[in-house]
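Asker: Mind having a look at this structure? Questions to follow.
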Amino acid sequence: MQRIAPALREDKVPLDLISLIKTILAATKEISFRVGQGQLSDVLGSTLDENIQGEVQKQLDVVANQLFKDITLESGFVKAISSEEEDTSVAGNENGKYIVSFDPLDGSSNIEINSLIGTIFSIMEAPEGMSADNPDLFKQPGTAQVCAGYVLYGPSTMLALTTGAGTHFYTLDKTHGSYMLTERNVQISPETSEFAINMSNQRFWQAPMQNYINDLVAGSDGPRERNFNMRWIAAMVGDVHRVLVRGGIFTYPADNRNPNKPNKLRLMYEANPMSFLVEQAGGLSVTSEGRIMEIQPTDIHQRVEVILGAKNEVEKCLSYYK
Ligand code: AFP
């Protein structure tokens, strides 16, 4: 079994990017340890402050954010970071080549029920001529990503990573502290009979999504003439991991629950990195209007509609919008 550095060298990843990825993974090993300690590490429960998204932070979010931020900024490779837990970007080394966006603990409502959570990250090169404290560094489309990944803190700690040469899975060997390559070139089957959506929002979706999901639920009695299964983990890392492992379609569509917030998922540190991983595994990742990775960001915390997974099923879903 291969360790991560030789596997990345085989994919012709530049040495400084390999060093940055190893730095990020050092942070995730520490987060994995703390997550595994659960209530023993005395960090579960909510702090009283609210983060920029208006959601109550869990203490483990704060700890994970601090760890990820400190370790990446101290590495010297990073010009700036942006995080779900930071109001704006944070400057690092003025000469750093890379910028990193991350969600330190995605699915944080799962923390207190000891269920799936994970860290999502996206790496781009810093554009020339902008200072480290300029948040505009991050206003690049997802196609500019040079690396994306997530670490899933489940029964085992797993990394899904892409540098544009396929999507690979690694598993953390906790006895030696190393991520080992356990599956190269993961592929999402174009066909599926499984979907993931928060059904409790059904009455708030736009008509095309309502019609599409109605047809899936109608199963063998409806126009699709076969049954579909449904799963929802309430942590995008868990749902996307399932799609990468056994296929499926995952969507968080636009809805009209709150006119000021038609979408839930964040572009820079949820949708873009997951899109890169899914596309590299042969899947599609879109909004009802086009490819997610081609969206020109206007804000580091902007939210976006997400429809991703099995190619033929995503295309089927989009056909309801035409
Ligand atoms: P948190 O990280 O704030 O818990 O949100 C998780 C998430 O952004 C994403 O990971 C899930 O897919 C989605 O929210 C779950 O949303 P619901 O609350 O509608 O289940």
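The values are calculated or read from the model by the stated rules, or taken from the named source; none is laboratory data. This one's a predicted model, so the numbers in the text were calculated from it and none came from an experiment. Because the Cβ atoms are built from the backbone with ideal geometry, glycine has one as well, and the counts that use them run over all protein chains shown. Note: areas computed on protein heavy atoms with side chains; ligands, DNA, RNA excluded. Shrake-Rupley method; radii C 1.70, N 1.55, O 1.52, S 1.80 Å.
Asker: From the list Thr162, Thr143, which one is in contact (Cβ under 8 Å) with a residue 24 or more places away in the chain, touching a His at 6+ places or on another chain (Cβ under 9 Å) and farther than 16 Å from Ser83 by Cβ?
Answerer: Numbers: Thr143 fails: touching a His at 6+ places or on another chain (Cβ under 9 Å).
Unique residue meeting the criteria: Thr162.
Asker: What's the total number of residues in the stretch 231-259 that are more than 11 Å from the ligand (Cβ to nearest atom) and open to solvent by 70 Å² or more (accessible area, probe 1.4 Å)?
Answerer: Total satisfying the criteria: 5.
Asker: Here's something else I'd like to know. Out of the residues in the stretch 124-142 meeting the condition of being among the small types (Gly, Ala, Ser) and surrounded by fewer than 16 Cβ atoms within 10 Å (Cβ to Cβ), tell me which one is nearest to the ligand (Cβ to nearest atom).
Answerer: Ser131
Asker: What are the residues in the stretch 184-217 that are open to solvent by 40 Å² or more (accessible area, probe 1.4 Å) and part of a helix (DSSP H, G or I), if any?
Answerer: Within the stretch 184-217, Met199, Ser200, Gln202, Arg203, Phe204, Ala207, Gln210, Asn211, Asn214, Val217 qualify.
Asker: Continuing with this model, one more query. Consider the stretch 89-125. How many of its residues are more than 28 Å from Leu152 (Cβ to Cβ) and touching a residue at least 24 places away in the same chain (Cβ under 8 Å)?
Answerer: So the answer is 3.
Asker: Also: One residue is enough: does the stretch 198-217 have a residue meeting the conditions without any contact (Cβ under 8 Å) to a residue 24 or more places away in the chain, of a type outside the set (Phe, Trp, Tyr), within 11 Å of the ligand (Cβ to nearest atom) and under 30 Å from Glu112 (Cβ atoms)?
Answerer: Checking the stretch 198-217: at least one residue is without any contact (Cβ under 8 Å) to a residue 24 or more places away in the chain, of a type outside the set (Phe, Trp, Tyr), within 11 Å of the ligand (Cβ to nearest atom) and under 30 Å from Glu112 (Cβ atoms).
Asker: Take the stretch 143-156 and flag every residue that is assigned to a loop (DSSP other than H, G, I, E, B) and either surrounded by 15 or more Cβ atoms within 10 Å (Cβ to Cβ) or out of contact with any strand residue (DSSP E or B) (no Cβ under 6 Å at 6 or more places or on another chain) (or both).
Answerer: Selection gives Gly154, Pro155.
Asker: Taking into account only those residues within the stretch 161-183 that are open to solvent by less than 50 Å² (accessible area, probe 1.4 Å) and touching a Ser or Thr at 6+ places or on another chain (Cβ under 8 Å), which is farthest from Glu270 (Cα to Cα)?
Answerer: Among those residues, the one meeting the criterion is Met180.
Asker: Continuing with this model, one more query. Which residue is modelled with the lowest pLDDT, if the candidates are limited to the stretch 277-322 and must be under 18 Å from Ala207 (Cβ atoms), surrounded by fewer than 20 Cβ atoms within 10 Å (Cβ to Cβ) and of a type outside the set (Ser, Thr, Tyr)?
Answerer: Only one residue tops the list, namely Lys322.
Asker: Could you list, in sequence order, all residues of the stretch 95-123 that are within 11 Å of the ligand (Cβ to nearest atom), open to solvent by less than 10 Å² (accessible area, probe 1.4 Å) and among the aliphatic types (A, V, I, L, M)?
Answerer: If the condition is that a residue be within 11 Å of the ligand (Cβ to nearest atom), open to solvent by less than 10 Å² (accessible area, probe 1.4 Å) and among the aliphatic types (A, V, I, L, M), then Leu105, Ile117, Ile120 are the ones that fit.
Asker: Can you tell me which residue in the stretch 83-94 is farthest from Leu277 (Cα to Cα), limited to those that are touching a strand residue (DSSP E or B) at 6+ places or on another chain (Cβ under 7 Å) and within 16 Å of the ligand (Cβ to nearest atom)?
Answerer: Filtering first and then ranking leaves Glu85.
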